[in-house]
Amino acid sequence: MENSKAPTIANPWQSLRKLTQARIALGRAGTSLPTERHLEFQLAHARARDAVHRALAVEPLKAALEQRGPEVVALHSAAGDRAIYLQRPDQGRRLEPTSRAALERRALRTKDAFDAAFVVADGLSALAIEENAVPMLDAALALLDPGEWRVAPIAIVEQGRVAVGDEVGEILGARMVAILIGERPGLSSPDSMGIYLTYAPRVGTTDAQRNCISNIRRDGLSHERAAHKLHYLMCEARRRRLTGVELKDEAEAPRAINARGNFLTD
């Protein structure tokens, strides 16, 4: 009697692994994960932790932005170090007194109001800012006509949370503020950056009054597409004098309608 081997059955999930960084089709070894997948998880977890605790390289970032022409001011939140920042989110939402005083002195040098201010904050991933902030600002500022948009000096805030942008925008007298900030790292995205846009920024503004563009990174939303979305939101915010839940991101709507047709008129 001939020996027969059980046929090898291809895992249909394997082809899907090529389409996503999500942790699917991991397999199993007994009741646990295969060693390779377990080591991949440990590496991803370590990268996420490193992104959270990594210190932002402020001087290289400041130099890179200044080389492009804009004025740049370096500030610090009320959170004195990373440990305090992680334990006290409220302190990351406000500037420390010395930084606030320096920004107020800078604001006095400008009589006319700014149409927009850009703030760069490390947030929960300095890695995301170091990899994405400069190319994102390159793409975003290229879409703003200097004759129509008066842009404030770019502010870099160490140990900053989203709401610190409200204080910066309020001090500078900007009609709106866009803060670029490192997002909480996922196991496949330690380098993800978000942008929060707020019209009429004031200390105490709630998240319901902001628009968010998320997952900006090499393997996520490109800088060009994110800049397109931000430009649309900024123009609409200025026209309608609001941001947040009442302002929807319809930057892709005309393209989508043209691509699939409008069911209301078909």
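The values are calculated or read from the model by the stated rules, or taken from the named source; none is laboratory data. From a predicted model like this one, the values you see are computed outputs, not experimental measurements. Methodologically, a virtual Cβ is constructed for each residue, glycine included, from the backbone with ideal geometry; neighbour enumeration extends over all protein chains shown. To get the accessible areas, we keep the full protein, side chains included, count just its heavy atoms, and leave off ligands, DNA and RNA. Shrake-Rupley method; radii C 1.70, N 1.55, O 1.52, S 1.80 Å.
Numerical summary
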{"item": "Scope the stretch 184-212; condition more than 24 Å from Ala152 (Cα to Cα), open to solvent by 20 Å² or more (accessible area, probe 1.4 Å) and in a loop (DSSP other than H, G, I, E, B); matching residues", "result": "Arg184, Pro185, Leu187, Ser188, Pro190"}
{"item": "Count of residues meeting criterion [in a helix (DSSP H, G or I), basic (Lys, Arg) and at pLDDT 95 or above] in the stretch 76-101", "result": "1"}
{"item": "Number of the condition not met by Glu104 [criteria: (1) open to solvent by 60 Å² or more (accessible area, probe 1.4 Å); (2) in a loop (DSSP other than H, G, I, E, B)]", "result": "(2)"}
{"item": "Tally of residues being closer than 23 Å to Leu103 by Cβ and either hydroxyl-bearing (Ser, Thr, Tyr) or open to solvent by 40 Å² or more (accessible area, probe 1.4 Å) (or both) across the stretch 131-145", "result": "1"}
{"item": "Options Arg184, Arg161: the member that is among the basic types (Lys, Arg), at pLDDT 95 or above, within 14 Å of the chain's Cα centre (by Cα) and within 18 Å of Arg88 (Cβ to Cβ)", "result": "Arg161"}
{"item": "Which numbered condition Arg93 fails, given (1) more than 30 Å from Asp138 (Cβ to Cβ); (2) under 22 Å from the mean Cα position of the chain (by Cα); (3) of a type outside the set (Phe, Trp, Tyr)", "result": "(1)"}
{"item": "Residue, farthest from Phe41 (Cα to Cα), within the stretch 14-28, restricted to residues that are charged (D, E, K, R) and surrounded by 11 or more Cβ atoms within 10 Å (Cβ to Cβ)", "result": "Arg17"}
{"item": "Selection within the stretch 107-132 - aliphatic (A, V, I, L, M), farther than 26 Å from Leu242 by Cβ and in contact (Cβ under 8 Å) with a residue 40 or more places away in the chain", "result": "Leu124, Ala126, Leu127, Ala128, Ile129"}
{"item": "Yes/no for Leu137 being in contact with a Phe, Trp or Tyr (Cβ under 7 Å, 6 or more places away or on another chain), at negative phi and assigned to a helix (DSSP H, G or I)", "result": "yes"}
{"item": "Residue check, Ser32 touching a His at 6+ places or on another chain (Cβ under 9 Å), modelled with pLDDT of 75 or more and open to solvent by 40 Å² or more (accessible area, probe 1.4 Å)", "result": "yes"}
{"item": "Enumeration of residues in the stretch 213-244 that are without any contact (Cβ under 8 Å) to a residue 24 or more places away in the chain and either assigned to a loop (DSSP other than H, G, I, E, B) or open to solvent by 70 Å² or more (accessible area, probe 1.4 Å) (or both)", "result": "Ser222, Arg225, Arg239, Arg240"}
{"item": "Single match in Ser99, Ser77 (criterion: in contact (Cβ under 8 Å) with a residue 60 or more places away in the chain and either open to solvent by less than 30 Å² (accessible area, probe 1.4 Å) or closer than 30 Å to Arg241 by Cα (or both))", "result": "Ser77"}
{"item": "Within the stretch 37-65, considering residues that are of a type outside the set (Val, Ile, Thr), touching a helix residue (DSSP H, G or I) at 6+ places or on another chain (Cβ under 9 Å) and part of a helix (DSSP H, G or I), the one farthest from Glu158 (Cα to Cα)", "result": "Arg47"}
{"item": "Condition broken by Trp149, with the remaining ones in (1) within 20 Å of Tyr199 (Cβ to Cβ); (2) in contact with an Asp or Glu (Cβ under 8 Å, 6 or more places away or on another chain); (3) of a type outside the set (Val, Ile, Thr); (4) open to solvent by less than 10 Å² (accessible area, probe 1.4 Å) satisfied", "result": "(4)"}
